[in-house]
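Structure record follows, encoded as structure tokens.
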Amino acid sequence: MALASPNRRRRRLTLTPLIDVIFLLLLFFMLSSTFLRFAAVDVATATSGAAPATGGVPATLVVSAEGALALNATPVTRDTLMDEIAALAEAGARRILVRAAPGASVEDLVGVMELVRGGPLPMALSGAPVSP
């Protein structure tokens, strides 16, 4: 006596769990990867007094609220800034501390940072407060 087995219907393979796993793996790798730090800027802490930039002391460049520049408490223009920084480098300055006075615009600060970055001394943003 031969028994006939019922024909089993094949189940369709669903892709939903596979897509869920792929999204979870993508999310895991995105969150666990490290991202490059583009244009990292050194932030220095310094005293509020501006000493002359001789003997290895860093020079201080202040951007005022009006966009004016003062290098070691001496007013300078953007045109003469690089010449003054080169003179400070020859005098023994190690780096330029860039500070923003209260009310200074970000546009002026970034423009000055771009100028100084191309100069002979390394630049650092100073976290010390500036008196107006």
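Every read-out reported here was derived from the displayed coordinates using simple, explicitly stated rules and does not represent laboratory data. All figures in this text were calculated on a predicted structure; none of them were measured in a lab.
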Full extension between residue 107 and residue 34 adds, at 0.36 nm per residue less the Cα distance, a length in nm of 23.3 nm
Which whole-Hz couplings ³J(HN,Hα) result when phi for each residue of region 101-112 is put into the Karplus expression 6.51 cos²θ - 1.76 cosθ + 1.60, θ = phi - 60°, listed in order with x for Gly and Pro? 6, x, x, 5, 7, 5, 4, 5, 5, 5, x, 5
